[in-house]
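The values are calculated or read from the model by the stated rules, or taken from the named source; none is laboratory data. Remember, it's a predicted structure, so these values are computed and weren't measured experimentally. We place every Cβ from the backbone using ideal geometry, glycine too, and count neighbours over all the protein chains shown.
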């Protein structure tokens, strides 16, 4: 009788979702690849060519000239943002976990709150706050540190990516803090107390007990952050400069270029981004599995 | 001493939480605000009123809401059976199904959008609401499935068996037992699918081709226009639904925040 509930093969129920995803997603990858070989870009070309790959990786054209510096800039922004977020999150989480009581719920709530601000809006808020005539500069002027807007350091739309990094760090610290807090609240206490009884100092406990405990989760989370920062478009588009540009901005610019030949180059750049993000995701998944064992 | 640090930290934290809203309100309602004044020297509601009466903004608002609601609804309807299967049943090939849904969460929307652009161009779907909605499903559907499958992995099927034994029809069981039990999770999944679609810029740009002007599109063009007052006014409008949604689902977030954030 219970069999009646179990009415069919699992695949029938999975079919609609799998169909939609594999058609849309699969086709997008397939058509993207075809385009990167110069086919179907709207030009007359009818045979597969590797011109776009050559142009991007070693060409003398606009794509080749900017690709490597963009890759370097992207790696710099993504790595710095990830490291700073991870360190910030670790510090805050350890600090918060030392405090017990009803504040726990409030803290978790507060850490979730920035979900209310999509990246697009967060970047705009930073732009209004940190620009040379922004609110922070006004505070500095009121306190007498600066006289004119030009005295204020360029923190957003700067060439070294400080504004972009600042955006991601402030947005990702809460995300990673929640991950670390979840681990700390689930298990850390007993070992910590044992170590304290055995005479371990505060720093020894931190270094030998707490950090090794949260490291797998923190690593997996950090890699998600890296992948996101490396492939996101909105924030560098709003807080970045004309040169150097992060890879996603470069890719879209080439893709939307009226010159149809550069569409393929934009596609190649976006595949480089995808490839790097996929590698990072695989490492992250492996780490998570090991952490669970 | 330690207590003082805690209080200071808390004030700082809550300060950051409301700072963007305060900032947007200050700029949106300012008439004259020259450097280095800390607050606007004169206030006006003109900019906000003008924006709310501007047909581009109002149609942007309705298009955004319409797209996000449809995307959210479709994600739920298509995702529900898949999520239930993935969350509560063990079967051969489960890993493969999981992988199919996982891949779109890893591959950046940029690559997906560029590929779909050429496909939809051929099918004549670019610049249409239909095309944009389909494109938005790529990030929202996997997200909905993962959230709901989490709900179903804690779901007790015996309630349904009991109703069946007592003679209920399958349709009635679905509406009175299943839906009611998973309702909170369902609402949150719907709200977040709404949010993902609501804040989508790249896919709308690449598929809408400048014809489907959602709020993020207007916001981007305001940013390149560079007028802080209109940027802030539009931001305020754009951020209102997310703020309400997050405030409303706060209780659920405390428990399930982690799975949600990974996708959003």
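Things worth noting here:
- Taken over the stretch B:180-213, the residue count meeting the criterion of being out of contact with any helix residue (DSSP H, G or I) (no Cβ under 7 Å at 6 or more places or on another chain) and either loosely packed, with under 14 Cβ neighbours inside 10 Å or within 30 Å of residue A:258 (Cα to Cα) (or both) is 5.
- Residue A:110 over 30 Å from residue A:207 (Cβ atoms), in a helix (DSSP H, G or I) and within 12 Å of chain B (Cβ to nearest Cβ): no
- Scope the stretch B:156-189; condition away from chain A (no Cβ under 12 Å) and closer than 26 Å to residue B:247 by Cα; matching residues: B:179, B:180, B:181, B:182, B:183, B:184, B:185, B:186, B:187, B:189
- Count of the stretch A:270-279 residues which are within 9 Å of chain B (Cβ to nearest Cβ) and touching a residue at least 12 places away in the same chain (Cβ under 8 Å): 5
- Hits in the stretch B:24-34 (condition: within 10 Å of chain A (Cβ to nearest Cβ) and assigned to a helix (DSSP H, G or I)): B:24, B:26, B:27
- Qualifying residue in the stretch A:81-93 (condition: within 27 Å of residue A:265 (Cβ to Cβ), part of a helix (DSSP H, G or I) and more than 9 Å from chain B (Cβ to nearest Cβ)): yes
- Residue check, residue B:85 more than 26 Å from residue A:251 (Cβ to Cβ), in a helix (DSSP H, G or I) and within 9 Å of another protein chain (Cβ to nearest Cβ): yes
- Close pairs from the stretch B:223-252: first in contact (Cβ under 8 Å) with a residue 40 or more places away in the chain and more than 9 Å from every other protein chain (Cβ to nearest Cβ), partner buried (at least 16 other Cβ atoms within 10 Å of the Cβ) and not in a helix (DSSP H, G or I), Cβ under 9 Å, at least 6 apart: B:229/B:29; B:229/B:30; B:229/B:33; B:233/B:29
- Just so you know, in the stretch B:8-23 the residues that are more than 7 Å from chain A (Cβ to nearest Cβ) and within 21 Å of the chain's Cα centre (by Cα) include one that is surrounded by the fewest Cβ atoms within 10 Å (Cβ to Cβ), and it is B:18.
- Count of residues meeting criterion [closer than 28 Å to residue A:109 by Cα and assigned to a loop (DSSP other than H, G, I, E, B)] in the stretch A:146-182: 0
- Of residues in the stretch A:9-53 being at pLDDT below 90 and more than 24 Å from residue A:266 (Cβ to Cβ), the one surrounded by the most Cβ atoms within 10 Å (Cβ to Cβ): A:10
- Condition met for residue A:182 (surrounded by fewer than 19 Cβ atoms within 10 Å (Cβ to Cβ), more than 25 Å from residue A:248 (Cβ to Cβ) and away from every other protein chain (no Cβ under 12 Å)): no
- Flag if residue B:40 is surrounded by 12 or more Cβ atoms within 10 Å (Cβ to Cβ), assigned to a loop (DSSP other than H, G, I, E, B) and more than 9 Å from chain A (Cβ to nearest Cβ): yes
- All conditions in (1) in a helix (DSSP H, G or I); (2) touching a residue at least 12 places away in the same chain (Cβ under 8 Å); (3) closer than 19 Å to residue B:231 by Cβ; (4) away from chain A (no Cβ under 11 Å) hold for residue B:63, with the sole exception of (3).
- For first residues located in the stretch A:158-173 and on the phi > 0 side of the Ramachandran plot, partners that are surrounded by fewer than 21 Cβ atoms within 10 Å (Cβ to Cβ) and in a helix (DSSP H, G or I) and lie 6+ apart or on another chain with Cβ distances below 6 Å do not occur.
- Unmet criterion (only one of (1) more than 10 Å from every other protein chain (Cβ to nearest Cβ); (2) within 19 Å of the chain's Cα centre (by Cα); (3) without any contact (Cβ under 8 Å) to a residue 40 or more places away in the chain) for residue A:121: (1)
- In the stretch B:18-38, the residues that are in the same structural domain as residue B:237 (by TED's automatic domain parsing) form no Cβ pair under 7 Å with any partner that is loosely packed, with under 13 Cβ neighbours inside 10 Å and modelled with pLDDT of 85 or more, whether six or more places apart or across chains.
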